[in-house]
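Heads up: the structure comes next, in structure tokens.
Throughout, read-outs are computed from the coordinates displayed, never taken from laboratory work. As the structure is a computational prediction, the values presented were derived from the model and not from experiment. Please note: Cβ atoms are built from the backbone with ideal geometry, for glycine as well, and neighbour counts cover all protein chains shown.
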């Protein structure tokens, strides 16, 4: 599972790293996040008809067929093993794959006090979770605006994550990002990209229990208490 993550890099640096554009006239209300949580608006890159663009999407997938913009089930994660067969995700896998930008994520160690840790690349560079997105639009007679939302795909853990959790988010290698976004790549080929990231290229360290509250979203949340591995 991936239920909390970080993205603290400025937008101009992210634009260079991920080679996206902002839609003409679009107001990309991006703010760095030290404690990004479900239902937050998050920075997502998707391939549109006119190119690779970034936008802010609600974290928690609202499928197009939902009767309401706030369904009881709005999954923040999708399992790689059944994403192609699930009615919730299979259409998005075919037509609406995306990159959810991040530079770290949190997990809680399997101890009685569930100490939080932050996991990053050893290089400390930003990366992309493999994601899916949907657009919900109000039905005739309904009030409201269209909602773009997303989910993060998870897979089995690598050797770094396995001692603390049985799932990890899919981090795409840089060279796989364009393949994942390419609408001409068939779902079967896209599924082959959904693998655990190399453990030796990652690190983790213990952080303060401040992260336990989504109200805490400042730099102090990611400060290390002590290094665990890496």
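Label-point separation (nm) for residue 19 and residue 95, each offset 7 Å from Cα along Cα-to-Cβ?
Each label point is offset 7 Å from its Cα along the Cβ direction, giving 2.6 nm.
First measure r as the distance between the Cβ atoms of residue 10 and residue 113, then evaluate 1/(1 + (r/R0)^6) with R0 = 41 Å and state the FRET efficiency to the nearest 0.05.
Efficiency, from the Cβ-Cβ distance: 0.75.
How far apart, in nm, are two points set 7 Å out from the Cα along the Cα-to-Cβ line at residue 226 and at residue 212?
For residue 226 paired with residue 212, the spin-label model returns 1.8 nm.
Taking springs between alpha-carbon atoms closer than 10 angstrom, which of 110, 72, 195 fluctuates most in the Gaussian network model of the chain?
Of the options given, 72 has the highest mean-square fluctuation.
How many percent of the alpha carbon pairs in region 134-212 exceed a separation of 19 Å?
Above the 19 Å cut-off, region 134-212 has 58 percent of its Cα pairs.
Calculated FRET efficiency, residue 156 and residue 49, Cβ-Cβ r, R0 41 Å, to nearest 0.05?
Calculated value: 0.75.
Top mean-square fluctuation among 186, 47, 175, Gaussian network model of the chain, C-alpha springs under 10 Å?
Taking springs between Cα atoms under 10 Å, the residue moving most is 175.
With mean projected area of the Cα convex hull in nm² in mind, check [x] 22.2; [y] 13.0; [z] 11.2 and report the label derived from this structure.
It is the value labelled [y].
Full extension from residue 198 to residue 125: what is 0.36 nm times the residue separation minus their Cα-Cα distance, to one decimal in nm?
Stretched out fully, the residue 198 to residue 125 stretch lengthens by 24.8 nm.
In whole angstrom, how far apart do the alpha carbon centroids of region 34-49 and region 130-201 sit?
11
Do you know the relative contact order of region 5-229, to the nearest whole percent, from alpha carbon pairs under 8 angstrom that are 6+ apart?
21
Using only DSSP helix segments of four residues or longer, with each worth -39500 (n - 2.57), what per-residue ellipticity at 222 nm results for the chain after dividing by its residue count and rounding to 500?
-2500 deg cm²/dmol
Using a Förster distance of 22 Å, how high is the FRET efficiency between residue 184 and residue 73, based on the Cβ-Cβ distance and rounded to 0.05?
Approximately 0.10, to the nearest 0.05.
For region 8-73, what's the relative contact order in percent, using C-alpha pairs closer than 8 Å and at least 6 residues apart?
Over region 8-73, the number comes to 29 percent.
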